[in-house]
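Visitor: I'd like to ask you about the structure that follows.
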Amino acid sequence: MKTKHWLIVNSIFLLVILAIGVYSLNQKEKNVYLNTAEVFEAFSLQKELRTKLENVQSTRQAILDSMQLRLTAMTSSSDFDRQNPGEDFFSLREVYRIKQKQFEEDNLRQSREYDRQIWNQLNQYIKDYGKEHNYTMIFGANGQGNLMYASEARDVTNDLISYINKKYERI
């Protein structure tokens, strides 16, 4: 009888130990990392906005090229006086310089705005991804000191790229 009682107590004790072990394994922090540059470059929104920016920049460059061509045509003309180019030449050259500066500033401003939009969306998707996969932390690795080494088994870059692009395409 005592042996049976001892066997039951030991069995319960082992089950409790086993349950605690399983519980603690499930409560273990799940930390992963991603390659931020790779995620950024593969994000569909980034590709769309880059194409949009490149189109705007091409249009602006065509305007400048046209103005430059007119300036060159003016200076190449046989009746062009290099000593006294005239008001039309000075006016066009000044407009060209102003437009060139304005376009450079606009391109930079638009590029920064697109980057801000991309990172805002990426950060939200990464947060959603972390919650859906029960991760405690997701580190961003960029090779510049934030995360210098991690096991490739913890790299979720490709899985995350697939996730964010599927989520973005549903918008």
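The values are calculated or read from the model by the stated rules, or taken from the named source; none is laboratory data. Owing to the predicted nature of the structure, the values given are computational and were not obtained by experimental measurement. In this analysis, Cβ positions are derived from the backbone assuming ideal geometry, glycine residues included, and neighbour counts consider all displayed protein chains.
Visitor: Kindly check whether there is at least one residue in segment 156-169 that is surrounded by 14 or more Cβ atoms within 10 Å (Cβ to Cβ) and assigned to a loop (DSSP other than H, G, I, E, B).
Guide: Yes, that holds for at least one residue.
Visitor: So, one more: Let me spell it out: the conditions are (1) surrounded by 10 or more Cβ atoms within 10 Å (Cβ to Cβ); (2) outside any helix (DSSP H, G or I), and L108 meets all of them except one. Which number is the exception?
Guide: L108 satisfies every listed condition except (2).
Visitor: For F80, all conditions in the list (1) more than 28 Å from L64 (Cα to Cα); (2) surrounded by 13 or more Cβ atoms within 10 Å (Cβ to Cβ); (3) modelled with pLDDT under 90 hold save one; what is the number of the exception?
Guide: Failing condition for F80: (1).
Visitor: Moving on. Here is a check on your reading of the model: is V156 over 27 Å from Q46 (Cβ atoms) and β-branched (V, I, T)?
Guide: no
Visitor: For segment 1-59, how many residues meet the condition of being in contact with a Phe, Trp or Tyr (Cβ under 9 Å, 6 or more places away or on another chain), modelled with pLDDT under 90 and either of a type outside the set (K, R) or loosely packed, with under 10 Cβ neighbours inside 10 Å (or both)?
Guide: Counting residues in segment 1-59 that are in contact with a Phe, Trp or Tyr (Cβ under 9 Å, 6 or more places away or on another chain), modelled with pLDDT under 90 and either of a type outside the set (K, R) or loosely packed, with under 10 Cβ neighbours inside 10 Å (or both) gives 5.
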